[in-house]
4 protein chains.
Amino acid sequence: MDDDNRTARWERRAGTPLAVASLLFLASYAVGVLGEDLPGPVRDLSRAVLYGSWALFIVDYAVRWRLSGEGPGFVHRHWLDSVVVVLPLLRPVRIVRVYDAMQARRPGEPRMTLQARVMLYAGLSSSLLGLSAALAEYHYEHNAPGASIRTFGDALWWSVATLSTVGYGDVVPVTVIGRLIAVVLMGCGLALLGAVTGSFSSYLMQRFARAGDDLGPRGK
Amino acid sequence: MDDDNRTARWERRAGTPLAVASLLFLASYAVGVLGEDLPGPVRDLSRAVLYGSWALFIVDYAVRWRLSGEGPGFVHRHWLDSVVVVLPLLRPVRIVRVYDAMQARRPGEPRMTLQARVMLYAGLSSSLLGLSAALAEYHYEHNAPGASIRTFGDALWWSVATLSTVGYGDVVPVTVIGRLIAVVLMGCGLALLGAVTGSFSSYLMQRFARAGDDLGPRGK
Amino acid sequence: MDDDNRTARWERRAGTPLAVASLLFLASYAVGVLGEDLPGPVRDLSRAVLYGSWALFIVDYAVRWRLSGEGPGFVHRHWLDSVVVVLPLLRPVRIVRVYDAMQARRPGEPRMTLQARVMLYAGLSSSLLGLSAALAEYHYEHNAPGASIRTFGDALWWSVATLSTVGYGDVVPVTVIGRLIAVVLMGCGLALLGAVTGSFSSYLMQRFARAGDDLGPRGK
Amino acid sequence: MDDDNRTARWERRAGTPLAVASLLFLASYAVGVLGEDLPGPVRDLSRAVLYGSWALFIVDYAVRWRLSGEGPGFVHRHWLDSVVVVLPLLRPVRIVRVYDAMQARRPGEPRMTLQARVMLYAGLSSSLLGLSAALAEYHYEHNAPGASIRTFGDALWWSVATLSTVGYGDVVPVTVIGRLIAVVLMGCGLALLGAVTGSFSSYLMQRFARAGDDLGPRGK
């Protein structure tokens, strides 16, 4: 059996556990950031879950490196995976892939159109990304001197205003780490949002073209 | 007669009354929000119109559910309709469909191009959406402590600056509900505006391509 | 000779004088707005030029209405022309058409690509639009109480930040008329800028596709 | 041997030295702007490197003008090169071309897709542009009265927020030169960023279309 098959088999087997671990990572990170008043044992448990799922991501990375049979070039060639191992908060974004795959397998219903799938994929990814960024931003900002992001609600509001490129500027990060998180959010998020906009636009065009001379596009 | 036909027939018959009800809903909502100094009976009447048209939307939803012959899956499958029943302020956006259909039926004039129709559709939808959002934003913000949206003019200005993603930040919502409305406006509005931009760009390209070597594009 | 030909002949003949009048209108408007310290006669002259060119626009509109042989429907059907007659500051945008036509006629040089022409057209249009908006904005804002647009430099800066949708919000209009001008600028400008972005993106794609495996795209 | 060949040969030979000079120019500009506390000799050396590389750019421009055999029309026809000779800080953006060419020549690996190359090209260009703009902005702003860009970190933060069109407005240029730099950054940067967004969107579409009914898009 050659290496490619083994990698594919690993990905098929590890997919669901890793998706669950990603959600657990996000949830335990949220507990750690927001649950400052929770009893000690709960916080300890959430921290254990956090590091446990991170360990799983590292194991997955190591296994795939091994199976690939590549040398140090693997780190460069799979740079996105390498980044995600160091910044596991970006990991939940990949859950969307599993969700999309599940949608694909459901036998009874007709498949969504290509545009709908791109919109769903990019929309969900940017939502998860925005949520992760809001958590991290709140974590690093809310106690900083002169901070304008003081509650988690502020952080969410900032995150949405940033992703949509509206950027009111009423709440902004002031710390160095907070600004770095913002830069990552802008970089990843804008591309994803552009994909949502682009595919919606193309979907609308298609709908109108198909509708021809009858009643126009019909709301879903 | 099969179910699909009955649904289509219902939509054909109910289309115009529902469009009128949507406009009445928007108008009576505006009266309720802006007409604080109107005499009591006028306000009572507008409230009656408001709930009356809402009731019509619910009846329409129920009838279509019935005619579809589907179980609880209808709520999930027609999720956009389900959202609109709960947030009827989004309803007026669908008037545009009726307007487009009327344009299509007028026999005398030549049909607009595909791009022009998408631009008109997305432009009108986002205008109505912006108007509804400004009304709701004014409603929830103008008495909040520390609010910067104090007049309906401020709310309209905020709404346009948000839809265009300019986002000056001179007037911003400060309440939780106000921010939720803003998130909905960004979500729906940006996609619609992307469609306007995209179709205008493609229209311009086409126009230049057709103009070939002669006088260039001619302003309408 | 039928009506269409007469309209075309009129447009051919009136094109250059109208373009000159448009530039004169813009220049005299700028003198009126910015030259508050100029001697009286100069200001009177510029006002005369302003109303003179406006009168020319009205004559052009009337002639074309006459030649079209249409009734009141002309106003609706040529709504963009009707708007421009009332708001002649939008007129200079149409100069671009003449410039494009001149480019097209020059025999010696090879024609620009479609994307380059769309970029040039949309780029020049939005520059002229931004300049007009900055003039008008300065006119209505710089003496308003609480204004942040106090110099013409501020107005230009605001205009660029608005057209690019960056929208810092450090200088913003505060009067009703100032905000209406801003809404028009956002509406027209964003669509034009979307066309610039879109055609640049498509130009880059084409260039890379053609470059194939050799040296990549070559800076002009 | 005709002129075109000689130009091509010159570009092939001068490509790498010019790319190195571009990086040296950027580096020595950064030392000049940021290294105010460096010992005098180091600052003198960096200034020498700065003017040395600028001289190289001028030589390259002159040689290509000569080889082209054109008259003064060269300045107009190669206007982008002419601008870059006067504003050499825009030069590093062209390094990307060399990088792309190197990628193309590497024999072992498969070629990147068209979209990936456009994304890489536009992404790298806008990064270098943002870095140059931040350096220049810091240079002209950090001592201005009433400035909000006081550290180089502020300048970088402003640069990213501007390129992404988020535009919070918490730090903004206040001097005339600072605002001119901002206008150039918006003009060049937004088009480049639009190319990144557009090609990412098209890449995602393609990936989903190819994935068909299997596991969906696979993270790199």
Restricting the range A:191-220 to residues that are at pLDDT below 50 and crowded, with 18+ Cβ neighbours inside 10 Å, the residue that is nearest to the other protein chains (Cβ to nearest Cβ): A:216
Count - residues of the range B:112-130 that are farther than 27 Å from residue B:167 by Cα, facing chain A (nearest Cβ under 7 Å) and among the aliphatic types (A, V, I, L, M): 1
Qualifying residue in the range D:140-163 (condition: in contact with a Phe, Trp or Tyr (Cβ under 7 Å, 6 or more places away or on another chain), touching a residue at least 24 places away in the same chain (Cβ under 8 Å) and acidic (Asp, Glu)): no
Residues located in the range B:145-155, provided they are farther than 20 Å from residue A:169 by Cα and surrounded by fewer than 17 Cβ atoms within 10 Å (Cβ to Cβ): B:151, B:153
Single unsatisfied condition, residue B:112 versus (1) among the aliphatic types (A, V, I, L, M); (2) modelled with pLDDT under 80; (3) outside any helix (DSSP H, G or I); (4) buried (at least 19 other Cβ atoms within 10 Å of the Cβ): (4)
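Name the residues in the range D:158-176 that are under 19 Å from the mean Cα position of the chain (by Cα), assigned to a helix (DSSP H, G or I) and facing another protein chain (nearest Cβ under 8 Å), would you? Steps first, answer last, please.
Filtering the range D:158-176 for residues under 19 Å from the mean Cα position of the chain (by Cα) gives D:158-165.
So of that shortlist, the ones also assigned to a helix (DSSP H, G or I) come out as D:158-163.
Hits for the range D:158-176 are D:160, D:161, D:162.
Filter the range A:177-190 down to residues that are within 14 Å of the chain's Cα centre (by Cα) and among the β-branched types (Val, Ile, Thr) and give me whichever is farthest from the other protein chains (Cβ to nearest Cβ).
We begin by selecting, within the range A:177-190, every residue within 14 Å of the chain's Cα centre (by Cα); these are A:181, A:184-190.
Filter once more, so that each one left must be among the β-branched types (Val, Ile, Thr): A:181, A:184.
Values: A:181: 12, A:184: 10 Å.
Applying the filter and picking the extreme gives A:181.
Looking at the structure I just gave you, is residue D:155 at pLDDT 90 or above and either within 12 Å of chain C (Cβ to nearest Cβ) or at negative phi (or both)?
Working: at pLDDT 90 or above: yes; either within 12 Å of chain C (Cβ to nearest Cβ) or at negative phi (or both): yes.
Considered against the rule, which asks whether it is at pLDDT 90 or above and either within 12 Å of chain C (Cβ to nearest Cβ) or at negative phi (or both), residue D:155 comes out as yes.
Could you pull out the residue among B:138, B:121 that is crowded, with 19+ Cβ neighbours inside 10 Å, at pLDDT below 85, closer than 30 Å to residue B:171 by Cβ and out of contact with any strand residue (DSSP E or B) (no Cβ under 9 Å at 6 or more places or on another chain)?
On the way: B:138 fails: at pLDDT below 85.
Testing whether each residue is crowded, with 19+ Cβ neighbours inside 10 Å, at pLDDT below 85, closer than 30 Å to residue B:171 by Cβ and out of contact with any strand residue (DSSP E or B) (no Cβ under 9 Å at 6 or more places or on another chain) leaves just B:121.
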Qualifying helices (runs of 4 or more DSSP H) (wholly inside the range A:27-103; at least 2 residues being modelled with pLDDT of 85 or more and more than 20 Å from residue A:6 (Cβ to Cβ)): A:40-68
Cβ pairs under 7 Å, 6+ apart, first in the range C:48-77 and in the same structural domain as residue C:9 (by TED's automatic domain parsing) and within 27 Å of residue C:28 (Cα to Cα), second exposed (fewer than 12 other Cβ atoms within 10 Å of the Cβ) and at pLDDT below 90: none
So residue B:23, is it at pLDDT below 85 and not assigned by TED's automatic domain parsing to the domain that holds residue B:126: no
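The values are calculated or read from the model by the stated rules, or taken from the named source; none is laboratory data. Since the structure is predicted, the reported quantities are computational estimates derived from the model, not experimental observations. Every residue, glycine as well, gets a Cβ built from its backbone with ideal geometry; the counts of neighbours run over all protein chains shown.
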